[in-house]
Amino acid sequence: MCNSLAYYLFVILHLIQKEGKIKAAVIYHQSATPAIIFPIKELTSLCRKQGIIVIIDGAHVIGQFDLNISSIGCDFYMSNIHKWGFSPRPSAMLWIRKEFQETAVPAVIGQYKKVI
């Protein structure tokens, strides 16, 4: 696997131009193995210029390094907090860009009847 910024940008741009119907892109922030940190700011910028909604999967990021989600420029950022945040297993977070917040309706607000 190549960890070159130019390579990732080339592949994404090629897919966008080839398909032309891409509405949303889900991009790993960091892979589990071999722990590659993807150039998400650049990939997000490229996709957003093409009108593509960007969803970042940051499952392995929270607790690993400093994170400023709004500086990434993505539309959605999700992460499991239990992996490196040492919280209960069902803990997760979803960050939503302001423009999408009114249209996002949670299917489930809480899993448990009693708050512990």
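Every number in this text was worked out from the coordinates using simple rules, so none of it is lab data. Predicted model only: the values in this text are computed from it and were never measured. Cβ coordinates were reconstructed from backbone atoms using ideal geometry, including for glycine residues, and neighbour counts include every protein chain displayed.
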Diffing the range 61-78: the Karplus 3J(HN,Hα) column from phi (6.51, -1.76, 1.60, θ = phi - 60°), in whole Hz with x for Gly and Pro, holds 9, 4, x, 8, 7, 4, 9, 10, 4, 5, 6, 6, x, 6, 8, 9, 9, 10
When Tyr28, Tyr7 are ranked with the fewest other C-beta atoms within 10 Å first, the list becomes Tyr7, Tyr28
In the neighbourhood of Ile16 defined by beta carbon distances under 13 Å, the net charge of the other residues (Lys, Arg +1; Asp, Glu -1) is +4
Treating only Lys and Arg (+1) and Asp and Glu (-1) as charged, each at its beta carbon, one finds that the chain has a dipole about its Cα centre, in Debye to the nearest 20, of 260 debye
Going fewest to most other Cβ atoms within 10 Å around each Cβ, Met78, Met93 line up as Met93, Met78
Of Ala35, Ala25, Ala104, the most mobile residue in a GNM of the chain (C-alpha springs, cutoff 10 Å) is Ala104
Computed over the chain: longest principal axis from alpha-carbon atoms vs helix 40-49 long axis, angle to nearest 10 degrees, is 70 degrees
Net charge near Ala104 (other residues with Cβ under 13 Å of its Cβ; Lys, Arg +1; Asp, Glu -1) is -1
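Using Cβ counts within 10 Å as a stand-in for footprinting exposure, how do Arg89, Arg97 rank, fewest first?
Values: Arg89 9, Arg97 16.
Going from least to most buried by this count: Arg89, Arg97.
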Restricting to aspartates and glutamates and to Cα separations under 19 Å from Lys21, and discarding same-chain partners fewer than 8 apart, the set is Asp75
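Given contacts defined as C-alpha pairs under 8 Å and at least six residues apart, what's the relative contact order of the range 11-116, whole-number percent?
On the way: 140 pairs, mean separation 20.3, N = 106.
Contact order relative to length: 19 percent.
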Taking the reciprocal of mean 1/r across every pair of different Cα atoms in the chain, the Kirkwood radius in Å is 15.7 Å
As a percent rounded to 5, the proportion of antiparallel DSSP bridges among beta bridges in the chain is 45 percent
